[in-house]
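Accompanying notes for the structure given below.
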Amino acid sequence: MHRRMNPREQKRMMQRMGMNMESVADVNQVIIRTSTKDIVIDEPEVAILQVSGQKMYQVIGGQVSEQTPSQRQAAVAAKPTFSEEDVRLVADQTGKSIEKAKEALIESEGDLAKAILLLQS
């Protein structure tokens, strides 16, 4: 029957063997990109294991999906890009809330003039 080792004991044993493991906080997504597809892991737990000067990344759990390069390009093209400054500018110009300004920028695909006209009409 195997006895389960407590985490402190395990950490000390790893250090004696020249190993060090640390957790990476606030990881939202890990993408493994190959020539034919992307493996996307959302909300994983990630740890870095250092052994003899080498780093190994351990990815645990999360929601896994796959994308082809064409799906990735379509997803990037579909997302309008705008900054917080753009949102503030639209909100200031129209007198509307930040949330309304964001919605207008999304609807106008990031076009400032269209977003302002949309909120003014």
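The values are calculated or read from the model by the stated rules, or taken from the named source; none is laboratory data. Values in this document were obtained by computation on a predicted structure and should not be read as measured data. Cβ coordinates were reconstructed from backbone atoms using ideal geometry, including for glycine residues, and neighbour counts include every protein chain displayed.
Per-structure values
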| read-out | value |
| --- | --- |
| Residue within the range 67-79 that is assigned by TED's automatic domain parsing to the domain that holds Gly18, modelled with pLDDT under 90 and assigned to a strand (DSSP E or B) present | yes |
| The range 80-96, subset surrounded by 11 or more Cβ atoms within 10 Å (Cβ to Cβ) and part of a loop (DSSP other than H, G, I, E, B), residue modelled with the lowest pLDDT | Pro80 |
| Check on Lys37, surrounded by 10 or more Cβ atoms within 10 Å (Cβ to Cβ) and closer than 25 Å to Gln67 by Cβ | yes |
| Matching residues, the range 55-69, being closer than 18 Å to Lys37 by Cα and either in contact with a Lys or Arg (Cβ under 7 Å, 6 or more places away or on another chain) or free of Cβ contacts under 8 Å to residues at least 24 places away in the same chain (or both) | Gln63, Glu66, Gln67, Thr68 |
